[in-house]
Structures are given as structure tokens and as C-alpha cells.
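A short write-up of the structure that comes next.
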Amino acid sequence: MANHTILLSQSRDKSTRKYYDFETPELAMEAIVRMYEDRLKSLNPNSQHINYHIEDLNRFIDNHTDMAALVLNQGPLTYTPHDKEWIKKKLYTHLKSLAK
């Protein structure tokens, strides 16, 4: 079941406020992973391989001043807000499903 998802993100600087639009929460989770991996690549431009753990990804999320997901409900067409903890749980579940 597809649930339109809006991901809100802001680092410490207010000028970094962004929002991203996704067809599903899973695509939003994949985007967070890409954001983190892009950040790692920019910090380690000469590294061929970069390893990280789910705890590192969780710290990346926690280091954002604000990160939230708005997920569209199928019943009444309203968005339900979700916080960083929900995002981390959803991300863990998503990555676990990819590992199978």
C-alpha cells in the first residue's frame, strides 16, 4: 500500500531547511540512506569502500535539528506526523527487509 510521504529535514543552520516528496515511506527511508552515504563520501573522498552501522545512521538522524516524516493516511486524507524515533524504527525495518 503506497502512502505518500513528505520528509522534512533541517541541520543546525536554518538555511538547510528542506523537504522531500516520496510515493512511499520506504522510498523516503532509501533517501535518508543516500543522504547519509553522500555525506560519508564527501567526508572521505579518497575512500573506495565506506562501512557504517545502523547506530551511525541513527546518529546522522539525531544530529539534524529537525527531521520528521508526514505520511498520508488512506482513510480520511490527512497526514500523520512522525518524529525521529519513528523514522529510525522504520529505517531499521526497511533495511532489515532488504537484507533478506
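Can you show me the helix-derived [θ] at 222 nm for the chain, built from DSSP H runs with n ≥ 4 at -39,500 (n - 2.57) apiece and divided by the number of residues, rounded to the nearest 500.
Value at 222 nm, helices only: -14500 deg cm²/dmol.
Pop the C-beta distance of Thr80 and Asn44 into the FRET formula with R0 = 41 Å and round what comes out to the nearest 0.05.
My answer for the efficiency is 0.65.
Not counting ligands, DNA or RNA, and with a 1.4 Å probe, what is Met35's accessible surface area in Å² rounded to the nearest 10?
Accessible surface of Met35 is approximately 40 Å².
Probe of 1.4 angstrom, ligands and nucleic acids ignored: what's the accessible area per residue over the chain, in square angstrom?
It amounts to 69 Å² per residue over the chain.
Once amide H atoms are placed 1.01 Å from N in the peptide plane, what residues at a sequence separation of 5 or more from Tyr52, or on another chain, have their amide H within under 5 Å of its amide H?
Those qualifying (amide H under 5 Å, at least 5 residues apart or on another chain) number zero.
In nm, to one decimal, how far is the Asp56 label point from the Arg17 one, both placed 7 Å along Cα→Cβ?
Simple spin-label model gives 3.2 nm for this pair.
How many Lys pairs in the chain lie less than 21 angstrom apart by Cα atoms, where the lysines are 8 or more positions apart or on different chains?
Qualifying lysine pairs in the chain: 10.
How large is ³J(HN,Hα) for each residue in segment 72-87, as worked out from phi by the Karplus curve 6.51 cos²θ - 1.76 cosθ + 1.60 (θ = phi - 60°), to whole Hz, x for Gly and Pro?
Values, residue by residue: 6, 7, 7, x, x, 6, 9, 9, 9, x, 9, 8, 4, 5, 5, 4 Hz.
Between Glu37 and Thr24, with labels modelled 7 Å along Cα→Cβ, what's the label distance in nm to one decimal, could you check?
In this crude spin-label approximation the distance works out to 1.7 nm.
Bin width 10 Å, alpha-carbon pairs only: give the P(r) of the chain as whole percents, running from 0 to the bin holding the largest distance.
Values per bin, smallest distances first: 14, 46, 31, 7, 1.
Residue by residue through segment 20-32, what is 3J(HN,Hα) from phi via Karplus (6.51 cos²θ - 1.76 cosθ + 1.60, θ = phi - 60°)? Round to whole Hz and write x for glycine and proline.
Karplus values, whole Hz, x for Gly and Pro: 10, 10, 9, 6, 9, x, 5, 5, 5, 5, 4, 5, 4.
Report ³J(HN,Hα) in whole Hz for each residue of segment 46-58, in order, from the Karplus equation J = 6.51 cos²θ - 1.76 cosθ + 1.60 where θ = phi - 60°; Gly and Pro get x.
9, 8, 6, 10, 10, 9, 8, 10, 4, 5, 5, 5, 5
Within the accessible area of segment 52-100, what % is carbon and sulfur when the probe is 1.4 Å and the other protein chains stay in place?
Details: 1810 of 3180 Å².
Roughly 57 percent, rounded to a whole number.
The values are calculated or read from the model by the stated rules, or taken from the named source; none is laboratory data. All values reported here derive from a predicted model rather than from experimental measurement. Glycine also receives a Cβ, built like all others from the backbone with ideal geometry; neighbour counts cover every protein chain displayed. Quick note on the areas: whole protein, heavy atoms, side chains included, nothing else; ligands and nucleic acids left out. Shrake-Rupley method; radii C 1.70, N 1.55, O 1.52, S 1.80 Å.
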